[in-house]
Amino acid sequence: MPLALVDCNNFYVSCERVFNPKLEGRAVVVLSNNDGCVIARSSEAKSFGVKMAAPWFKLEIFSKQQGIIALSSNYALYGDMSARVMSTLSTFSPKQEIYSIDECFLDLDGFAPQSLASYGQTIRQTVKRNIGIPVCVGIGDTKTLAKLANHCAKKGFAGADGVCDFGLLSIDERQTIFANIPVGDVWGVGRRITQQLLSMNIQTVEDLRTANPDIIRKQFSIVLGRTVQELNGIPCIDLEETESPRQQIMVSRSFGSSVTSFTDLSESVAHYATLAAEKLRRDKSVACSICVIIQTNSHQEHEPQYQGSLIVPLPQPSDSTMKLVEAALKGLKTIYRSGFRYKKSGVLLMGLQPKSTIQPTLFDDPIEQDISTSLMQVMDAINQKMGAGKLSIAASGICKPWAMRREGKSPNYTTDWKELPEVA
DNA sequence: ATGCTCCTGCGAA
DNA sequence: CTAACGTTCGCAGGAGCAT
């Protein structure tokens, strides 16, 4: 019955600190792509009042005055560190669900109930010792309760020292805690639903737990009804050990600066289609259609706004960079309007299916198919060996004036020998 | 009624 | 120095259409 949710503390900041101990004890934030918003904060940065998702350009002056350190995001580093953490955590249970880059569920069914909290401490110490990343552990009878327990562990509720096991609490203790947590802190309750719940005078976790499930289902959704059940210890959301194949692949970015020419825009689209195709082949899937998306900057309200998108069906399901880029650019020609300052473009691969299931149609040219597959394999192998983007197609352009800003990125310590700093 | 596809809203990290 | 506000994914549910 019991489940643990293990969540890394300030994960991106913690990753940076492993390789740069001078960041320890300092206020540190990690910024999103384009150095746009804050996406991770050390506890010191939080106490300065820096909010999640805050636009960096509004904070920059204040932050420099206060000595807050800002780093661009380094996903190669975080992805690699995540794999190490997950591997260590997998040794603590036969059943693990990796839920996101920095958290996983562990099935603790059959473990001695009284010793779960100390088991949680062992998990924390082991991950800290082996990988250098601090984590918190929440334990409860459902995923929603485990998430909530983790929240309590992080906040230090009920004397929690990085671990919180709801199984140790009496009914009264649990009710007291739930009555002091705002309903918006529950997994699955976001901003909109919080507002609606408040208008019904459901303010705390305890209010939601004791709400009438039928009314919740009717007024909101099946999903929120399940949340209420889970808060009451009735499991509705299963542990998923094997991840199911993705249904879509999205690659989109905001530009470092606005783009007006069709050429620049088409180069960005070709580039993103290339990245999407690489993901697709890694998944061993094929796509049936590709959607192209272009947008102006919606934050610049006085500027003319335009958002265009178009789904382009592929003649046959494909994983070929050439075919996908060709289709994407065809779509772009249709939706492009001159006279706008574009801020973002992207592609979305849709109708994904395993490559193994598709069968050649009457119109396929099997020889061309084979050549295309071999070419893609060679390109992927070269880019794997020499570094991403070393070999690309001409349509992606060379100088990339739209490339994103990343002024404070740390080295790829764990995935690229060339980026390791010299030892003094 | 039933079952699709397409599209939007919402939440999460 | 400029200008400057993220990305990717799944699910639910309604609209529109065909059967």
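Read-outs throughout are calculated quantities, based only on the coordinates presented, and are distinct from any laboratory measurement. Just so it is clear, the model here is predicted, and its values are computed rather than measured. For neighbour counting, all protein chains shown are included, and Cβ atoms are generated from backbone atoms with ideal geometry for every residue, glycine included.
With runs of 4+ DSSP H residues as the only contributors, calculate the mean residue ellipticity of chain A at 222 nm using -39,500 (n - 2.57) per run, divided by the residue total and rounded to the nearest 500.
Result for chain A: -12000 deg cm²/dmol, rounded to the nearest 500.
Mean separation of Cα pairs under 8 Å and 6+ residues apart, divided by the residue count of segment A:1-151: what relative contact order is that in percent?
After rounding, I find 35 percent.
Among all the lysines, which ones have a C-alpha under 24 Å from residue A:51's C-alpha, if same-chain residues fewer than 8 places away are not counted?
A:22, A:64, A:147, A:154, A:155, A:409
What Cys residues in chain A have no fellow cysteine's beta-carbon under 4.7 angstrom?
A:8, A:15, A:37, A:104, A:136, A:236, A:288, A:291, A:399
Within the set of other residues whose C-beta is less than 15 Å from the C-beta of residue A:118, count the net charge using Lys and Arg as +1 and Asp and Glu as -1.
Computed value for this residue: -1.
With +1 assigned to the C-beta of every Lys and Arg and -1 to the C-beta of every Asp and Glu, and no other charges, what is the dipole magnitude of chain A about the Cα centre in debye, to the nearest 20?
1100
Against the longest principal axis of chain A, how steep is helix A:116-131, in degrees 0 to 90 to the nearest 10, with axes from Cα atoms?
Helix A:116-131 sits at roughly 40 degrees to that axis.
Can you compute the charge dipole magnitude of segment A:121-243 about its Cα centre, using +1 on each Lys and Arg Cβ and -1 on each Asp and Glu Cβ, nothing else charged? Give it in debye, rounded to the nearest 20.
Magnitude of the dipole: close to 400 debye.
Work out the FRET efficiency for residue A:26 and residue A:337 from their Cβ-Cβ distance, taking R0 = 56 Å, and round it to the nearest 0.05.
That pair, residue A:26 with residue A:337, gives E of 0.75.
Treat each spin label as a single point 7 Å out from the Cα along the C-beta direction, and report the residue A:75 to residue A:353 distance in nm.
2.8
How would A:241, A:301, A:206 line up from fewest to most surrounding beta-carbon atoms within 10 angstrom?
A:301, A:241, A:206
Taking only Cα atoms, what is the 0 to 90° angle, nearest 10, from helix A:75-89's long axis to the longest principal axis of chain A?
So the helix axis and the longest Cα principal axis differ by about 40 degrees.
Test of understanding: in a Gaussian network model of chain A with alpha carbons linked when under 10 Å, which of A:345, A:87, A:14 would top the mean-square fluctuation ranking?
A:87
5 Å is the cut-off here: which amide hydrogens, built 1.01 Å from N in the peptide plane, fall below it relative to residue A:179, excluding neighbours closer than 5 in sequence?
For residue A:179, the qualifying residues are A:206.
Search the structure for amide H atoms under 5 Å from the amide H of residue A:289, placed 1.01 Å from N in the peptide plane, and list their residues when 5 or more places away or on another chain.
A:314, A:350
For residue A:70, enumerate residues with amide H under 5 Å from its amide H, sequence gap 5+ or separate chain, H modeled in the peptide plane.
A:29
At a 10 Å Cβ-Cβ cut-off, how would you order A:417, A:56, fewest neighbours first? Each step should come with its number before you reach the end.
Working: A:417 6, A:56 17.
Ascending Cβ contact count within 10 Å gives the list A:417, A:56.
What does the net charge come to around residue A:374 if you take all other residues with beta carbon closer than 12 Å to its beta carbon, with K and R at +1 and D and E at -1? Before the final figure, lay out the partial values.
Numbers: positive: none; negative: A:368, A:370, A:380.
Its environment carries a net charge of -3.
Once each part is reduced to its C-alpha centroid, what is the distance from segment A:400-424 to segment A:41-110 in angstrom?
19
Go ahead and set up a Gaussian network model of chain A, Cα springs under 10 Å, then flag whichever of A:94, A:245, A:366 fluctuates most.
A:366
So how do A:205, A:347 line up by other beta-carbon neighbours within 10 Å, fewest first?
Ordered by Cβ neighbours within 10 Å, fewest first: A:205, A:347.
Among A:140, A:132, A:389, which one moves the most in a GNM of chain A with springs linking Cα atoms closer than 10 Å?
In the Gaussian network model the winner is A:389.
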